[in-house]
Amino acid sequence: MSDIRDEQDAHEFRAEALSLWRITFSPLIWAVHFTVSYGAAAVVCAKGGADVVTLLRVGIGIGTLIALALILWLAWGAWRQWDMPRDREWENDAGTSEDRHQFLGHAAFLLAVISFIGVVYVSLPVLLIGSCG
């Protein structure tokens with residue numbers, strides 16, 4: 001009996017550890033996108049000259065689309081983990097393992113939404129620049 005309970009606990013721990021990693025991925029994508037976009041703009045404007053701005057804008061646009069696609073994919077997984085459409089439960093405050101699992105999905109989904117908005121706002125100035133001067 002104890003072995004079955006230990007196996008269940010180990011399975012729940014693995015699932016929740018993966019959920020904790022999922023929470024960090026969307027903000028990490030946002031941070032990497034921010035660093036690469038502004039770093040590339042700074043380097044290109046300092047070294048490349050005005051004729052490579054169009055190439056920079058295309059590169060940042062492609063990077064932005066990839067970042068947004070990854071964040072949407074993570075948000076979809078978090079939405080499914082939150083499981084709000086099935087049980088219509090907005091709060092998960094009972095303290096059970098299912099509530100913890102759904103709460104982590106809820107938190108990951110909200111962080112994905114914030115990260116999506118952050119990536120859009122980071123990319124707007126870089127994509128709208130006309131020149132480096």
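The values are calculated or read from the model by the stated rules, or taken from the named source; none is laboratory data. Owing to the predicted nature of the structure, the values given are computational and were not obtained by experimental measurement. Cβ sites come from the backbone with ideal geometry, for glycine too, and all protein chains shown count toward neighbours. Areas reflect the complete protein model, heavy atoms only, side chains present, ligands, DNA and RNA absent. Shrake-Rupley method; radii C 1.70, N 1.55, O 1.52, S 1.80 Å.
Using a 1.4 Å probe on the protein heavy atoms, what percent of the accessible area of the chain belongs to carbon and sulfur?
Numbers: 6140 of 8750 Å².
Accessible surface attributable to carbon and sulfur in the chain totals 70 percent.
Of the peptides 123-131, 61-69, how do they stack up when ordered by the mean number of other Cβ atoms within 10 Å, highest first?
Working: 123-131: 12.8, 61-69: 15.2.
The most tightly packed comes first, giving 61-69, 123-131.
Would you mind giving the average projected area, over all directions, of the Cα convex hull of the range 1-53 in nm² with one decimal?
4.6
Return one whole number: the accessible area per residue of the chain in Å², for a 1.4 Å probe.
Details: 8750 Å² over 133 residues.
Using a 1.4 Å probe on heavy atoms only, each residue of the chain averages 66 Å².
Who wins for biggest fluctuation among ARG22, ARG14, ARG80 in a Gaussian network model of the chain, springs between alpha carbons below 10 Å?
So, out of ARG22, ARG14, ARG80, the one fluctuating most is ARG14.
Using the Kirkwood radius over C-alpha pairs as Rh, can you work out the diffusion coefficient of the chain via Stokes-Einstein at 4 °C, viscosity 1.567 mPa s, in µm² per second?
Details: Rh = 17.0 Å.
The calculation lands on 76 µm²/s.
State, as an integer percentage, the relative contact order of the chain based on alpha-carbon contacts under 8 Å between residues 6 or more apart.
Numbers: 118 pairs, mean separation 51.7, N = 133.
Once divided by the residue count of the chain, the mean separation gives 39 percent.
How much length, in nm to one decimal, is gained on full extension between GLU7 and ILE114, taken as 0.36 nm per residue of separation minus their Cα-Cα distance? Don't skip to the end; give the middle numbers.
On the way: separation 107, 0.36 × 107 = 38.52 nm, distance 3.58 nm.
Full-extension gain reported as 34.9 nm.
Specify the residue with the greatest mean-square fluctuation among HIS11, HIS106, HIS33, computed from a Gaussian network of the chain linking alpha-carbon atoms under 10 Å apart.
HIS11
Once fully extended, how much extra length lies between ALA46 and CYS132, figured as 0.36 nm per residue of separation less the alpha-carbon to alpha-carbon distance?
Numbers: separation 86, 0.36 × 86 = 30.96 nm, distance 0.83 nm.
Length difference between fully extended and current span is 30.1 nm.
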